Amino acid sequence: MKTSYIRRLGSLSLKRKALVIFLLFVILPTIGVGVVVQLKYNQVLREQFISSTRRNLDNVTSQLSEQTKMVEDIADYLILSPDMQSYLRTGPPLDNELKADLKNNIENFLTFQLMSKSYIRSIEINGFNGNQIKMGEPFNGDESRWKEEAVKRKGGIFWSEGHTLESSWNGQARVLSMIRILNSYITITQPLGELTIRLDEASIASQLEKGVLEAEAGGVFIVGPEGNLILSSKAAMPGGYVPDETLLKKLSAGKTDFLSYKVEDKRYLVLYNRMENTDWTIIAMISEANISEQLRGVQAIMMIILAAILLLALVALFGFNLTIIRPILRLKKETGRVAGGDFSARVPIDSQDEIAELNRKFNEMVMTIEELIEHKYKLELRERESELKLMQNQMDPHFLYNTLDMIRWTARLEKADKSSRLIEMLSKFFRSSASNRNYLTTLAKEIEFAQVYLYLQQYRLGDKLVYKLYLEPGIEETPALKASIQPLVENFIKHGIDKKKPVGIIEVIGYRSEDEIWIDVTDNGKGMPPDRAAEIGHALASRHTERSADRIGALLNIHERVTIFFGQQYGLEIIHNSDEGTGIRLRLPGSESES
């Protein structure tokens, strides 16, 4: 399947390939990454908004808890106050002077509380002995329902819901009352009076809204432990909605710190906190449409960035087409003209980049081809004709092989075994050296070719030549070029033998080294002068030297053929050189797949 797609892509034109590549690897990934980044960024911003709102709600809850706790502390203090106990006692009766002192002490304390706590609107104490203290804003109204609940608590603190009373100063006002029966701390079951502390509902609601809501984007509610609404913010929910039983059940489950809730086809983000001292639940409901509105600016910026990236990608595609694809197509067109025999084709050079250099080389190549065709074609034809005639006059190689075989068998019949062996080796040498238009052989056959040559040379030189050939098992079938080892051996015979040494030794060792095959040809000859070794090393590295230097030419010929056939990382290298001998290494690929 993948191959078919690759073939289809390979059959497309350059313009379509560029379009497909930009579409698959630039445009689509950019859109995909942009969408993913935008979704993730929106998610991060939403989480940050929720986290920020949660912190604000925690702060508001802490402030309200502190305020209600201070009110309850006032009630606790009054119960334990000796002045209050004396002022509310039923007997013996207080004289007027003592009564006035006690009342003055209590009023001083209450005045301080009213002055320091702006959210307290009034404090009222009604003693069952007829004594009364009223501080702060005077209120009138029916609070019997809340007082009955306070009596049931038998001295426990009771918080009323928000309700309306008539103020002598400001008319109707909404308040939140803390009511408590004051019992004697000597006889705790004996009620002495009733304490009522009224808080400003508007102040508490404003505090909630400022801390949690923005631009009337929802509502904030305080719900009692029985699910009764204590108070709500000024911002009204759709249809006057207040937290219903379904929402309260979800909140009581307490699976998450927040949830999404639907009210009249609008979704609200609901966060809540519980106050430990009053057991109230503060519920903040924030419109998700408002949250999305706050994120819309970021979304717009992301869309602009994404559009800019796509625009730059299209500009890059157009520039790629203009500066690369179009010149290549123009070069292709002119190449087609040359292939059709029109050598007047030329490519205009209008830049200084690599394509312009390619165009320049193309123009030079066409001019050179035209010149060669005009001036050398006929001469080459005449030379080919001469070579053909010369080859026709040469001896047929098969006739040479057959003649050598006939002489070898005649020598055997005459019991000249050494002569027969030499003729057999010579025949093998000629057969191995014949090209037959096949440049490749195996490493085993190439070693055998070198062995035949050394055998013939040893018979000529006698005890003055010793040779050793070794091939690691398993690499015999490794591909090798013909005449890549024998010339290295021949170099030693012709140039390297040290006549001062009694025996000339040459070793050919083939073995595997990691993913390559190494053939080391080492001798104990006279070595090469340092400058000569440097010249040969430079020639092998640069592949350029004078062909008249036979030894360098032979090594360079082998090196060039190996690098051309197998790759630049293979070929010859000098592994050591001294007056004790020379070592040349031939590096070949270690597997057929590499070749």
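The values are calculated or read from the model by the stated rules, or taken from the named source; none is laboratory data. Because the structure is predicted, anything quoted here is derived from the model rather than measured. Note: ideal-geometry Cβ built from the backbone for every residue, glycine included; neighbour counts use all protein chains shown. Note: areas computed on protein heavy atoms with side chains; ligands, DNA, RNA excluded. Shrake-Rupley method; radii C 1.70, N 1.55, O 1.52, S 1.80 Å.
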Within segment 138-161, considering residues that are among the basic types (Lys, Arg) and surrounded by fewer than 15 Cβ atoms within 10 Å (Cβ to Cβ), the one nearest to Asn277 (Cα to Cα): Arg153
From Leu110, Leu102, Leu94, residue being outside any strand (DSSP E or B), touching a helix residue (DSSP H, G or I) at 6+ places or on another chain (Cβ under 9 Å), farther than 27 Å from Glu226 by Cβ and modelled with pLDDT under 90: Leu94
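Report yes if Ile305 is of a type in the set (Val, Ile, Thr) and closer than 20 Å to Asn56 by Cβ, otherwise no.
No.
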Filter result (within 42 Å of the chain's Cα centre (by Cα) and more than 16 Å from Ile328 (Cβ to Cβ)) within segment 339-354: Gln352
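If you check Gly239 against the conditions, is it outside any loop (DSSP other than H, G, I, E, B) and at positive phi? Break it down into steps so the answer makes sense when it comes.
Values: outside any loop (DSSP other than H, G, I, E, B): yes; at positive phi: yes.
For Gly239, the condition - outside any loop (DSSP other than H, G, I, E, B) and at positive phi - is met.
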All positions within segment 242-289 that are touching a helix residue (DSSP H, G or I) at 6+ places or on another chain (Cβ under 9 Å), open to solvent by 30 Å² or more (accessible area, probe 1.4 Å), within 19 Å of Ile230 (Cβ to Cβ) and not in a strand (DSSP E or B): Glu276, Asn277
Segment 210-226: number of residues that are farther than 23 Å from Leu165 by Cα and not in a strand (DSSP E or B): 10
Some residue of segment 192-208 being free of Cβ contacts under 8 Å to residues at least 40 places away in the same chain and either within 44 Å of the chain's Cα centre (by Cα) or assigned to a loop (DSSP other than H, G, I, E, B) (or both): no
Every residue from segment 75-87 that is surrounded by 19 or more Cβ atoms within 10 Å (Cβ to Cβ) and within 14 Å of Phe112 (Cβ to Cβ): Leu78
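Scan segment 552-590 residue by residue and report those that are in a helix (DSSP H, G or I), among the acidic types (Asp, Glu) and closer than 14 Å to Met528 by Cβ. Walk me through how you get there before you give the answer.
Initially, segment 552-590 is screened for residues in a helix (DSSP H, G or I), giving 552-566.
Those still in the list that are among the acidic types (Asp, Glu) too: 560.
Once the filter is applied, which keeps residues that are in a helix (DSSP H, G or I), among the acidic types (Asp, Glu) and closer than 14 Å to Met528 by Cβ, segment 552-590 yields nothing.
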Segment 81-94 residues that are in contact (Cβ under 8 Å) with a residue 24 or more places away in the chain and over 20 Å from Asn108 (Cα atoms), paired with ones that are hydrophobic (A, V, I, L, M, F, W, C) and open to solvent by 40 Å² or more (accessible area, probe 1.4 Å) (beta carbon under 9 Å, 6 or more apart): Thr90/Phe128
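Out of curiosity, is Asn42 open to solvent by 60 Å² or more (accessible area, probe 1.4 Å) and touching a helix residue (DSSP H, G or I) at 6+ places or on another chain (Cβ under 8 Å)?
Numbers: open to solvent by 60 Å² or more (accessible area, probe 1.4 Å): no; touching a helix residue (DSSP H, G or I) at 6+ places or on another chain (Cβ under 8 Å): yes.
No; evaluated as a whole, the condition is false for this residue.
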Residues that are open to solvent by 10 Å² or more (accessible area, probe 1.4 Å), under 16 Å from Ile230 (Cα atoms) and of a type in the set (A, V, I, L, M), drawn from segment 174-207: Ala202
Which listed residue is surrounded by fewer than 18 Cβ atoms within 10 Å (Cβ to Cβ), in a loop (DSSP other than H, G, I, E, B) and at pLDDT 85 or above, from Glu507, Glu477, Glu546, Glu535: Glu477
Given (1) in a loop (DSSP other than H, G, I, E, B); (2) among the β-branched types (Val, Ile, Thr); (3) touching a residue at least 24 places away in the same chain (Cβ under 8 Å), number of the condition Val175 does not satisfy: (1)
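Kindly indicate which of Met135, Met84 is among the aliphatic types (A, V, I, L, M), closer than 28 Å to Met275 by Cβ and part of a helix (DSSP H, G or I).
Values: Met135 fails: part of a helix (DSSP H, G or I).
Sole residue among the options that is among the aliphatic types (A, V, I, L, M), closer than 28 Å to Met275 by Cβ and part of a helix (DSSP H, G or I): Met84.
When segment 485-504 is examined, which residues are found to be in a loop (DSSP other than H, G, I, E, B) and either open to solvent by less than 60 Å² (accessible area, probe 1.4 Å) or closer than 22 Å to Leu456 by Cα (or both)? Don't jump to the end; show me each part of the working.
Narrowing segment 485-504 to residues in a loop (DSSP other than H, G, I, E, B): 485, 497-503.
Correct list: Ile485, Ile497, Asp498, Lys499, Lys501, Pro502, Val503.
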Sole residue being surrounded by 15 or more Cβ atoms within 10 Å (Cβ to Cβ) and within 24 Å of Leu251 (Cβ to Cβ), chosen from Leu213, Leu229, Leu165: Leu213
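What are the residues in segment 456-470 that are of a type outside the set (Asp, Glu), touching a residue at least 12 places away in the same chain (Cβ under 8 Å) and more than 14 Å from Gln486 (Cβ to Cβ), if any? Break it down stepwise before answering.
First pass over segment 456-470, keeping only residues of a type outside the set (Asp, Glu): 456-462, 464-470.
Of the ones still in play, those that are also touching a residue at least 12 places away in the same chain (Cβ under 8 Å) are 456-457, 459, 461, 464-470.
Those that are of a type outside the set (Asp, Glu), touching a residue at least 12 places away in the same chain (Cβ under 8 Å) and more than 14 Å from Gln486 (Cβ to Cβ): Tyr459, Leu461, Lys464, Leu465, Val466, Lys468, Tyr470.
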